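The values are calculated or read from the model by the stated rules, or taken from the named source; none is laboratory data. From a predicted model like this one, the values you see are computed outputs, not experimental measurements. Reconstructed Cβ throughout: ideal geometry from the backbone, glycine too, with neighbour counts over all protein chains shown. Keep in mind that these areas ignore ligands, DNA and RNA; they rest on the heavy atoms of the full protein, side chains included. Shrake-Rupley method; radii C 1.70, N 1.55, O 1.52, S 1.80 Å.
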Amino acid sequence: MIGSAAEDTDFRVRREVVSFVRRSNRMRPNQRRAWEIYRNRFVIDVPRDETSTSIHPAASLDLVATFGRDAQLFVEIGPGTGQSLIPMAKTRPQANVLAFEVYRPAIARMLGHLVRESLDNVRIVEADAVAGMEYLMPVRSIDEIWTFFPDPWPKPRHHKRRLLTPAFATLAASRMKPSGVWRIATDSADYAEWMRNVLDNHAGLINEPASNGSARWDRRPITQFEQRALDAGRQIFDLAYRRVA
Ligand SMILES: C[S@@+](CC[C@H](N)C(=O)[O-])C[C@H]1O[C@@H](n2cnc3c(N)ncnc32)[C@H](O)[C@@H]1O
């Protein structure tokens, strides 16, 4: 399907393995209000393919037109309600921040925060980040990618759902500017090791010396998700990889 936003029911159409669970987009009244009032200001309408979180392969994105300026570009994958994205965008007014998030109620909450904080340097695409990276992001366009607490899919039979695969690493690296950085955090020791394995073996990425998984990146705000992991006694792993020629 090409064109308007998909109906709430097409989340059931399932063609391929994705890194998220398809949930209902049912929203609370205040979320629905925020979505209706502010979506045109912050959410980029993209042509769809088969599902409501897909992107049509012929789609493209003009970043200068989208943000109204040419600036540094930070891309967050899966910001949820924006608990890290909002403060990080606020402290980087000189930069454009683009988010890929599949869960509409979370986006609606983020819209409310963006308005309260008077932020105008953030745009959101309601879509699978894999399709977003492939079809919307020009090559060598991203200064930093942020992927904080991607779903760990701990059961071995679900590992194929993990976002971070060698193929996705190649795709993401191709969209990063030379010397661009991919910052990642997880509370899963197993997923951290998996990601290190994928990224260490990628010829186009090198591990940042200060990032060995144990040092917390101090510019990353603590989200509720991270706080719950800390309260449960889980270790947090921060990784950073730089794009090399
Ligand atoms: C565990 S939550 C973490 C949320 C947030 N980053 C934080 O630290 O609180 C993972 C988020 O990633 C989103 N997500 C998972 N796979 C995605 C994908 N392929 N594209 C875009 N968003 C995705 C989920 O909807 C969810 O909001």
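Scanning the stretch 54-100 for residues that are farther than 27 Å from Glu16 by Cβ, of a type in the set (Phe, Trp, Tyr) and within 14 Å of the ligand (Cβ to nearest atom) turns up just one, Phe74. As for the stretch 22-34, it holds at least one residue that is within 17 Å of the chain's Cα centre (by Cα) and either without any contact (Cβ under 8 Å) to a residue 24 or more places away in the chain or surrounded by 14 or more Cβ atoms within 10 Å (Cβ to Cβ) (or both). How many residues are under 30 Å from Arg228 (Cα atoms), of a type in the set (D, E, K, R) and in contact with a Leu (Cβ under 9 Å, 6 or more places away or on another chain) if we restrict to the stretch 166-192? Number of matching residues: 2. Can you tell me which residue within the stretch 49-84, out of those that are farther than 17 Å from Met110 by Cβ and part of a strand (DSSP E or B), is most open to solvent (accessible area, probe 1.4 Å)? This residue is Gln72.
Does Pro152 satisfy being of a type outside the set (Gly, Ala, Ser), open to solvent by 60 Å² or more (accessible area, probe 1.4 Å) and closer than 20 Å to Ala129 by Cα? Judged against the criteria, Pro152 is not a match.
Comparison of Leu114, Leu136 shows that the only residue that is within 15 Å of the ligand (Cβ to nearest atom) and surrounded by 22 or more Cβ atoms within 10 Å (Cβ to Cβ) is Leu136. A search for C-beta distances below 6 Å between a residue of the stretch 73-84 that is among the β-branched types (Val, Ile, Thr) and any residue that is open to solvent by 10 Å² or more (accessible area, probe 1.4 Å) and more than 8 Å from the ligand (Cβ to nearest atom), counting only pairs 6+ apart in sequence or on different chains, returns Thr81/Arg109.
Taking the stretch 224-244 as the range and being open to solvent by less than 50 Å² (accessible area, probe 1.4 Å) and either in contact with a Phe, Trp or Tyr (Cβ under 7 Å, 6 or more places away or on another chain) or more than 10 Å from the ligand (Cβ to nearest atom) (or both) as the test, the residues that pass are Glu226, Ile236, Phe237, Asp238, Leu239, Ala240, Tyr241, Val244. Scanning the stretch 159-189 for residues that are open to solvent by 30 Å² or more (accessible area, probe 1.4 Å), under 14 Å from Phe149 (Cβ atoms) and of a type in the set (D, E, K, R) returns a single hit, Arg183. Only one of the listed residues (Ala106, Ala99, Ala89) is under 20 Å from Ile55 (Cβ atoms) and assigned to a helix (DSSP H, G or I). That residue is Ala106.
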